[in-house]
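The values are calculated or read from the model by the stated rules, or taken from the named source; none is laboratory data. Bear in mind the structure is a predicted one, so any value in this text is a computation, not a measurement. We place every Cβ from the backbone using ideal geometry, glycine too, and count neighbours over all the protein chains shown. Accessible surface is based on the protein model in full, side chains and every heavy atom, while ligands, DNA and RNA are left aside. Shrake-Rupley method; radii C 1.70, N 1.55, O 1.52, S 1.80 Å.
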Amino acid sequence: MTGEFSADWLGLREPADADARSLELVGLLPAPVKVIRDLGCGTGSLGRWLAPRLPVPQFWILTDRDHDLLEIAADRMPEGVNVAIDERDVTALTRNDLTGADLVTCSALLDLLTAPEVDRLVEVCAQARTNALFTLSVTGRVRMTPADPRDAEVEDAFNAHQRRDAKLGPDAPDYAARAFEKAGARVIVRESAWQLGPQRSDLTAEWLRGWVGAATEERPDLGFDDYLAARLGDLPEAAVGHKDVLAIFE
């Protein structure tokens with residue numbers, strides 16, 4: 001893979017992200033949504049997707065620890081949207097950082113966090129009574145057509161890899177939903193699976209390399225090289241599980 005957070009990888013996945021996110025949850029956002037803090041914004045793909053679907057005026061606070069990605073995100077936000085950048089680790093967010101914010105968003109972030117980090121993020125949102133739309137958290141479920149007998153073996157190894165260093169990995173969306181419910185929010189969860197295949201050959205191949213590569217790091221004894229070569233030689237249709245979580249403090 002070109003790098004989990006590289007601009008190239010984020011650009012490659014952006015169309016699949018856009019197609020996967022739940023439009024239904026956007027329609028359920030309580031008004032007004034004028035001030036949005038985007039956590040781990042990367043190159044800003046979530047902002048480019050969501051901003052045109054919200055009323056104007058809008059003010060986005062783009063938050064990431066990578067300065068170069070922040071600059072790209074700020075430069076590429078839709079015309080007419082006001083933007084500020086905040087270079088920091090998103091796990092350091094405080095209640096005061098959400099003063100005046102109507103919505104906290106993120107994309108493909110929760111699975112990279114630990115349970116205490118998610119608990120802290122939920123606590124901050126609850127303290128500020130700021131609604132949250134957290135999109136595209138991996139669920140660990142992959143369904144490919146045609147199936148291969150080793151699919152489940154690779155999936156299990158990949159999911160174990162994602163849980164390294166106490167990260168929530170594929171448990172993240174359900175964990176976050178429960179945490180928000182305990183904090184008093186009304187929570188709505190929707191599936192937002194990537195749809196991959198020959199029609200997205202570059203992304204599908206790059207995702208396969210990353211998926212199998214992580215599985216191999218976790219279980220080198222299982223020898224997935226032949227499996228990967230076969231999958232790359234005849235790209236499958238693949239539904240790669242993600243979930244979107246909307247938490248509303250009423």
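Some notes on this structure:
- Remark: accessible surface ordering of 87, 153 (largest first) is 87, 153, probe radius 1.4 Å.
- Accessible surface of residue 8 - all protein chains present, 1.4 Å probe, nearest 10 Å²: 120 Å²
- Alpha-carbon centroids, region 216-250 and region 84-105: separation in whole Å: 31 Å
- Dipole of the chain, positive end: most advanced residue of 194, 241, 96 [Cβ charges, Cα centre]: 96
- Alpha-carbon radius of gyration plus Dmax, which is the widest Cα pair, for region 164-215 in Å: 15.6, 43
- Computed with a 1.4 Å probe on the full set of protein chains, the accessible area for residue 45 sits at about 20 Å².
- The residues of the chain present an accessible area of 45 Å² per residue when probed at 1.4 Å with all protein chains retained.
- All-pairs alpha carbon distance profile, region 1-96, 10 Å steps from 0, percent: 15, 46, 35, 4
- Centre separation in Å (Cα based) which lies between region 108-178 and region 39-64: 22 Å
- Carbon plus sulfur fraction of accessible area for the chain, probe 1.4 Å, in percent: 49 percent
- Residue of 148, 221, 165 that the Gaussian network model of the chain assigns the largest fluctuation, springs spanning Cα pairs under 10 Å: 221
- Annotation: Cα Rg of the chain relative to the compact-globule expectation 2.2 N^0.38 Å equals 1.01.
- Each of 18, 109, 52 was scored by the projection of its Cα onto the charge dipole of the chain, and the greatest displacement toward the positive side belongs to 52; charges sit on the C-beta of Lys, Arg, Asp and Glu.
- Accessible surface comparison of 117, 217, probe 1.4 Å, protein chains only, largest first: the order is 217, 117.
- Of the residues 162, 199, 58, the one that moves most in a GNM of the chain with alpha-carbon contacts below 10 Å is 199.
- Per-residue ellipticity at 222 nm computed for the chain from its helices equals -12000 deg cm²/dmol, with DSSP H segments shorter than 4 residues left out and the rest contributing -39,500 (n - 2.57).
- Figure note: 19, 171 ranked by solvent-accessible area, largest first, 1.4 Å probe, ligands and nucleic acids not counted: 19, 171.
- Largest to smallest principal axis extent of the C-alpha atoms in region 62-139, angstrom: 34, 29, 20
- For residue 164, the solvent-accessible surface computed with a 1.4 Å probe is close to 100 Å², ligands and nucleic acids excluded.
- Kirkwood radius, region 45-90, all distinct C-alpha pairs, inverse of mean reciprocal distance: 10.8 Å.
- Tail weight of P(r) past 19 Å, computed on alpha-carbon pairs of region 148-234, percent: 52 percent
- Relative contact order, whole percent, for the chain stands at 22, derived from Cα pairs under 8 Å and 6 or more residues apart.
- Among 44, 233, 169: highest mean-square fluctuation, GNM of the chain, C-alpha pairs under 10 Å: 233
- Based on Cα contacts under 8 Å between residues 6+ apart, region 101-145 shows a relative contact order of 58 percent.
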